[in-house]
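Worksheet: one structure, shown below.
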Amino acid sequence: MYNILVCDDDKEIVKAIEIYLSKEGYNILKAYDGMEALEILKKNDDIQLIILDIMMPKLDGIETANIIRKDKSIPIIMLSAKSEDYDKISGLNNGADDYVTKPFNPLELIARVNSQIRRYTSLGSMVKKEDNNNIYSSGDLVINDSTKVVEVDGKEVKLTPTEYNILKFLTKNKGIVYSIEQIYENVWEEESYGAENIIAVHIRHIREKIEINPREPKYLKVIWGIGYKIEKF
Amino acid sequence: MEKKICIPRVLKNIAYVLFPIFATILVLLIFCLSYPLERESIKAGVDFYDTNTFAEDYAKEIFGSLTTVDVLKDNYQTDAYSYYYSHTETVENNDEVKSINYYTDYNGSNVVWLVLDNDTKIAYTNLNYSLDTSTIDNIKNKIMGNSQNWKYHDGSIQTTIEKLSNENIEYIDSTLNQEDIEMLGNTEQSSESNNKQNNVIDSETASNGQNANLKNNYTIYTALLDDMEYVDNIYRDRLLYNTLSIVNQNLVFLIPFLIGLIIALIPIIVIGIGRTRKQEGINLNWFDKILIEFAASISIFIGCIGAVFTVSIGGASTIVTFTLAISIMAVGILIMYLACILFFETVVKRVKTHTFIKTTFAYWIYIKIKGFMLELKITKRFVLYFIAFILANLFTFAIMWSDGFPGIVLTIILYVIAFSYITKRIKSYSKIEDAISKLYKGDTDMRLDEKELCKEMQETGKQINDIAGGLSNAINEKLKSERLKTELITNVSHDIKTPLTSIINYVDLLKKEDAQGEKAKEYLDILDSKSQRLKKLTEDLVEASKASSGAIKLNIERLNVNELIKQVSGEFEDKFKSHNLHEIITFPESDVYINADSRYMYRVLENMYSNISKYAMEGTRVYTDIAEKDGDVIIQIKNVSKQKLNISADELMQRFVRGEASRNTEGSGLGLSIARSLTELQQGKFNIYLDGDLFKVTIKFKKN
């Protein structure tokens, strides 16, 4: 049973999050401003995740995250109505591990919570550095070429063979941007004849499978007008 | 109130009084110093009686006495002349002299004389007959009792006057002028011009017998009266000599002193001019404002009145008494002096207030011509300048014809002037042209330097600057208000999002509750879709306002349009399929590139594709063409609308307007507006064409 601290000045939102996460089997601790959150953290050592609103009375989310980060490495998910790039960057720079904008999709929030909890709790044992050349990974995306299994945050993802080949190629060459043509030529190993957008469709499908929010991908990034790449962590 | 006394003004008036006094003294001193009389003697401090001047004057008196004696001898009986009176007394003196002729000269002389004619035994004297002059001896004693005396007897001279002694007598002769010799002509038969030494007084020649009647026949006693009674030559010369001596020996130091004083007076006067008790600064009266030439004329006129007083009235001393003449002359000089002050003051005031040049007639003419020129339109003015140029050119050609070289020089100078005049205007014109061109291209911060323009175009330059300033203000105001609007919308959207989060979440939770009727499920679906739409609307609203106000940071890269379309098309493949839409893409033969921001370019295309998936008629084809034309890359997307499009393309692009009457479908209606704003932000062009049910979008970018 993992303990999650939810902190938001809107009691209804806290309540809704509690309902969703309780169903997932988490124990919820509630706070309604930054000071309260810090007090609960002081009393309770056994907390695995914090969900933190930014705009709160007394002590805002950014300040709170800063203070927590001074002595704790508990994952923090920022939850805010502020959706500008600037706000996200500022949140992540101030100790947040993830940033979810309001109004949020409950499923997305749950997925992100799960992901963070998995990463945090199995951090030591997770990285099974098998001395195997057949394993390619980027962050929490792991491709085992021997078993043809793809795992994201320790959870298996089912891919079609084409999707698997494309993902494997990009992960093998993570950080490098490949155009549709290059991907085609490398994966199909034959010359591209141009007019097909089949790769783009596959990429979209892969994103839907491995990403929590395909519109804001974490692993498989789209550089519009240039190509695709697997983010290097 | 304390009465302020204007010190400079009081000092100035004192200086005006002192100035002529000092000046007069100075002039007199300089006159005395430079007077040509006996300068060496004066410098050496010689006594007047030892000077040549005195000797000369005295000699003339001696000759004068002899002349008188001659006249008296000849006309004794006839008494033809009336200007003298002679009275003869018979004296019984010693044995020889029988009578004394007392001669009275009305002109008067300070030299008394006694001439004894040894032949006729008659004595002549210019002393009056009285008791103490009744005998020859008395007369002799009286004459010789004076300190300066001269005696001639028997060919020898006895005298106290050194220069007229026997030894120096040649000097006297050499200083006598021709007139004096001629005066003696009737007594001297043989007078050669060069032989003046043979005159009466010369003892040696006198004994030659050339001058028989004077030779030994006269005994002459003369003397200067110790207390001079008459204003004669000797008196005047002595007075002048003594005055000059005093000046030369005692008053020379006054000259630099006076010059210093006069120089010191000038700044006092100049500073004081124009100051008044009442006000600060320079007080100008009407006289200081009229033309300087006119003021000069008035001053000269007044000066002339003074001159008339001085010369005509004062000079005509015969009709008035001496005192009155002097008074009138003084008044005349005073008037002239005042006229000078009047003119000097107005000149100084004008210089002080920098109006001297402005009040000259030449400047007045210049201003009139300039005003006339400036009132003319530039075209007419140019015609005048051109005519002036032609005339000047003809003139210089004429000079060249007659004189050659100076004409060539003048012609070249004229052409250089004309050329610089034209060049200056062309430069100004080109500057204005540049400025307008910059302004037209949107550089509203540009400013013309008016001073660099020629006079005619300065006003235009100023107006252009004003226009630019107005434009840039307007643009800044607009940007500011857009930014404020964006900020407001962003803040409001934050406030909307929080309650919206609860709505969305609780609707979702409610849907998961089991105990619900069919109706409740339907209502929940409506709530769900509307809350989702509200969410999208808030997001789009912020984005639309940011895009239209330009509050977006672009990251421009070189993008492959073919790749981009393939990617986007791949993203929407599933959605199109679900709406039974078939996309046909036409690519150019080779890859084409544009400069744009990758993310925002996707947003533009995403909006287009999602519009198509929402509004295109199911079962139709969607055409996407990428073409290259005239250096531009054109992306054209065509589809057939599901519903009748009964509005214009422009209206369609307005925010919140959609091509359908009902608003049941998803979307905010901001998609096209956002797409256009983002395209334009990236220097692209976004256009919509409606032709029946055909909906066509073209996005145009410069090819890289």
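Results for (1) of a type in the set (A, V, I, L, M, F, W, C); (2) over 60 Å from the mean Cα position of the chain (by Cα); (3) farther than 20 Å from B:SER549 by Cβ; (4) assigned to a helix (DSSP H, G or I), shown as yes or no for each residue.
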site: B:LYS451; (1), (2), (3), (4): no, no, yes, yes
site: B:LYS462; (1), (2), (3), (4): no, no, yes, yes
site: B:LYS478; (1), (2), (3), (4): no, no, no, yes
site: B:THR486; (1), (2), (3), (4): no, no, no, yes
site: B:VAL507; (1), (2), (3), (4): yes, yes, yes, yes
site: B:LEU510; (1), (2), (3), (4): yes, yes, yes, yes
site: B:GLN516; (1), (2), (3), (4): no, yes, yes, no
site: B:LYS519; (1), (2), (3), (4): no, yes, yes, yes
site: B:ASP525; (1), (2), (3), (4): no, yes, yes, yes
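With the structure loaded, tell me whether A:GLU211 is outside the structural domain of A:LEU109 (by TED's automatic domain parsing), surrounded by 16 or more Cβ atoms within 10 Å (Cβ to Cβ), out of contact with any helix residue (DSSP H, G or I) (no Cβ under 7 Å at 6 or more places or on another chain) and without any contact (Cβ under 8 Å) to a residue 60 or more places away in the chain or whether it fails that test.
Against the criterion (outside the structural domain of A:LEU109 (by TED's automatic domain parsing), surrounded by 16 or more Cβ atoms within 10 Å (Cβ to Cβ), out of contact with any helix residue (DSSP H, G or I) (no Cβ under 7 Å at 6 or more places or on another chain) and without any contact (Cβ under 8 Å) to a residue 60 or more places away in the chain), A:GLU211 qualifies.
Looking only at the range B:330-378, how many residues end up being of a type in the set (Phe, Trp, Tyr) and out of contact with any helix residue (DSSP H, G or I) (no Cβ under 9 Å at 6 or more places or on another chain)?
Number of matching residues: 2.
Select the helices (runs of 4 or more DSSP H) contained entirely in the range A:1-90, then report the ones holding at least 1 residues which are under 20 Å from the mean Cα position of the chain (by Cα) and more than 14 Å from every other protein chain (Cβ to nearest Cβ).
Where helices (runs of 4 or more DSSP H) fall fully within the range A:1-90 and carry at least 1 residues being under 20 Å from the mean Cα position of the chain (by Cα) and more than 14 Å from every other protein chain (Cβ to nearest Cβ), they are A:61-71.
B:LEU564 - would you say it is under 30 Å from B:THR586 (Cβ atoms) and at pLDDT 85 or above?
So B:LEU564 fits the description; yes.
Quick check on my filter: what residues within the range B:585-637 are within 11 Å of another protein chain (Cβ to nearest Cβ) and among the hydroxyl-bearing types (Ser, Thr, Tyr)?
Those that are within 11 Å of another protein chain (Cβ to nearest Cβ) and among the hydroxyl-bearing types (Ser, Thr, Tyr): B:THR586, B:SER590, B:TYR593, B:SER598, B:TYR600, B:TYR602, B:THR624.
So, A:ILE223, is that one within 11 Å of chain B (Cβ to nearest Cβ), of a type in the set (A, V, I, L, M, F, W, C) and surrounded by fewer than 18 Cβ atoms within 10 Å (Cβ to Cβ) or not?
no
Give the range B:695-704 a look and list any residue that's modelled with pLDDT under 90 and closer than 18 Å to B:GLU651 by Cα, or say none.
Scanning the range B:695-704 gives a single hit, B:PHE695.
Please go through the range B:575-605 and give me each residue that is open to solvent by 20 Å² or more (accessible area, probe 1.4 Å), assigned to a loop (DSSP other than H, G, I, E, B) and in contact (Cβ under 8 Å) with a residue 12 or more places away in the chain, ordered by number.
B:HIS579, B:ASN580, B:PHE587, B:PRO588, B:ASP591 - these are the residues of the range B:575-605 that are open to solvent by 20 Å² or more (accessible area, probe 1.4 Å), assigned to a loop (DSSP other than H, G, I, E, B) and in contact (Cβ under 8 Å) with a residue 12 or more places away in the chain.
Could you list, in sequence order, all residues of the range B:239-280 that are within 34 Å of the chain's Cα centre (by Cα) and either open to solvent by less than 40 Å² (accessible area, probe 1.4 Å) or small (Gly, Ala, Ser) (or both)?
B:LEU258, B:GLY260, B:ILE262, B:ALA264, B:LEU265, B:ILE269, B:GLY272, B:ILE273, B:GLY274, B:THR276
From the list A:GLU151, A:GLU191, A:GLU156, which one is closer than 25 Å to B:ILE565 by Cβ and either within 11 Å of chain B (Cβ to nearest Cβ) or modelled with pLDDT under 90 (or both)?
A:GLU191
When only residues in the range A:175-190 that are hydroxyl-bearing (Ser, Thr, Tyr) and open to solvent by less than 30 Å² (accessible area, probe 1.4 Å) count, which is nearest to A:ILE226 (Cα to Cα)?
So, considering only residues that are hydroxyl-bearing (Ser, Thr, Tyr) and open to solvent by less than 30 Å² (accessible area, probe 1.4 Å), the one nearest to A:ILE226 (Cα to Cα) is A:SER179.
Just the residues that are at pLDDT below 85 and farther than 18 Å from B:LEU251 by Cα, please, taken from the range B:14-47.
Answer for the range B:14-47, where residues must be at pLDDT below 85 and farther than 18 Å from B:LEU251 by Cα: just B:ASP47.
Does the range B:385-405 contain any residue that is within 16 Å of B:GLU456 (Cα to Cα), under 30 Å from the mean Cα position of the chain (by Cα) and open to solvent by less than 90 Å² (accessible area, probe 1.4 Å)?
yes
In contact with a strand residue (DSSP E or B) (Cβ under 6 Å, 6 or more places away or on another chain) and of a type in the set (Val, Ile, Thr), is that true of A:ILE67?
No.
Report the residue count in the range B:510-565 for those that are within 12 Å of chain A (Cβ to nearest Cβ), in contact (Cβ under 8 Å) with a residue 12 or more places away in the chain and open to solvent by 70 Å² or more (accessible area, probe 1.4 Å).
Selection size over the range B:510-565: 9.
Any residue that is within 15 Å of A:TYR120 (Cβ to Cβ), crowded, with 21+ Cβ neighbours inside 10 Å, in contact with a helix residue (DSSP H, G or I) (Cβ under 8 Å, 6 or more places away or on another chain) and in contact (Cβ under 8 Å) with a residue 40 or more places away in the chain - is there at least one of those in the range A:88-98?
Taking every residue of the range A:88-98 in turn, at least one turns out to be within 15 Å of A:TYR120 (Cβ to Cβ), crowded, with 21+ Cβ neighbours inside 10 Å, in contact with a helix residue (DSSP H, G or I) (Cβ under 8 Å, 6 or more places away or on another chain) and in contact (Cβ under 8 Å) with a residue 40 or more places away in the chain.
State which residue is least open to solvent (accessible area, probe 1.4 Å) when the search covers only the range B:345-357 and only residues that are without any contact (Cβ under 8 Å) to a residue 12 or more places away in the chain and part of a helix (DSSP H, G or I).
B:VAL351
I'd like to know if the range B:560-568 contains one or more residues that are in contact with a Ser or Thr (Cβ under 7 Å, 6 or more places away or on another chain), more than 30 Å from B:LEU500 (Cα to Cα) and in a helix (DSSP H, G or I).
Among the residues of the range B:560-568, at least one is in contact with a Ser or Thr (Cβ under 7 Å, 6 or more places away or on another chain), more than 30 Å from B:LEU500 (Cα to Cα) and in a helix (DSSP H, G or I), which makes the answer yes.
Return the residues of the range B:680-704 that are among the hydrophobic types (A, V, I, L, M, F, W, C) and open to solvent by 60 Å² or more (accessible area, probe 1.4 Å); say none if nothing qualifies.
Correct list: B:LEU694 only.
Kindly indicate whether any position in the range A:200-208 is more than 13 Å from every other protein chain (Cβ to nearest Cβ) and open to solvent by 60 Å² or more (accessible area, probe 1.4 Å).
No: the range A:200-208 contains no residue that is more than 13 Å from every other protein chain (Cβ to nearest Cβ) and open to solvent by 60 Å² or more (accessible area, probe 1.4 Å).
Among all residue pairs at least 6 apart or on different chains, which show Cβ distances below 7 Å where the first residue, located in the range A:60-73, is closer than 13 Å to A:ASN93 by Cα and the second is of a type in the set (D, E, K, R)?
A:GLY61/A:ASP53
Table: residues versus (1) surrounded by 20 or more Cβ atoms within 10 Å (Cβ to Cβ); (2) assigned to a strand (DSSP E or B).
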residue: B:ASN607; (1), (2): yes, no
residue: B:GLU618; (1), (2): no, no
residue: B:THR624; (1), (2): yes, yes
residue: B:ILE647; (1), (2): no, no
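If you check A:ALA65 against the conditions, is it crowded, with 21+ Cβ neighbours inside 10 Å, closer than 30 Å to B:ILE489 by Cβ and touching a helix residue (DSSP H, G or I) at 6+ places or on another chain (Cβ under 7 Å)?
Against the criterion (crowded, with 21+ Cβ neighbours inside 10 Å, closer than 30 Å to B:ILE489 by Cβ and touching a helix residue (DSSP H, G or I) at 6+ places or on another chain (Cβ under 7 Å)), A:ALA65 does not qualify.
Go through the range B:408-442 residue by residue and tally those that are on the phi > 0 side of the Ramachandran plot and either part of a helix (DSSP H, G or I) or open to solvent by 90 Å² or more (accessible area, probe 1.4 Å) (or both).
Of the residues in the range B:408-442, 0 are on the phi > 0 side of the Ramachandran plot and either part of a helix (DSSP H, G or I) or open to solvent by 90 Å² or more (accessible area, probe 1.4 Å) (or both).
Within the range A:173-188, can you find the residues that are within 14 Å of chain B (Cβ to nearest Cβ) and not in a helix (DSSP H, G or I)?
Within the range A:173-188, A:VAL177, A:TYR178, A:SER179 qualify.
The values are calculated or read from the model by the stated rules, or taken from the named source; none is laboratory data. Keep in mind that this is a model prediction, so the values were computed, not measured. Because the Cβ atoms are built from the backbone with ideal geometry, glycine has one as well, and the counts that use them run over all protein chains shown. Each accessible area value is taken on the protein alone, full model and side chains, heavy atoms only, with ligands, DNA and RNA left out. Shrake-Rupley method; radii C 1.70, N 1.55, O 1.52, S 1.80 Å.
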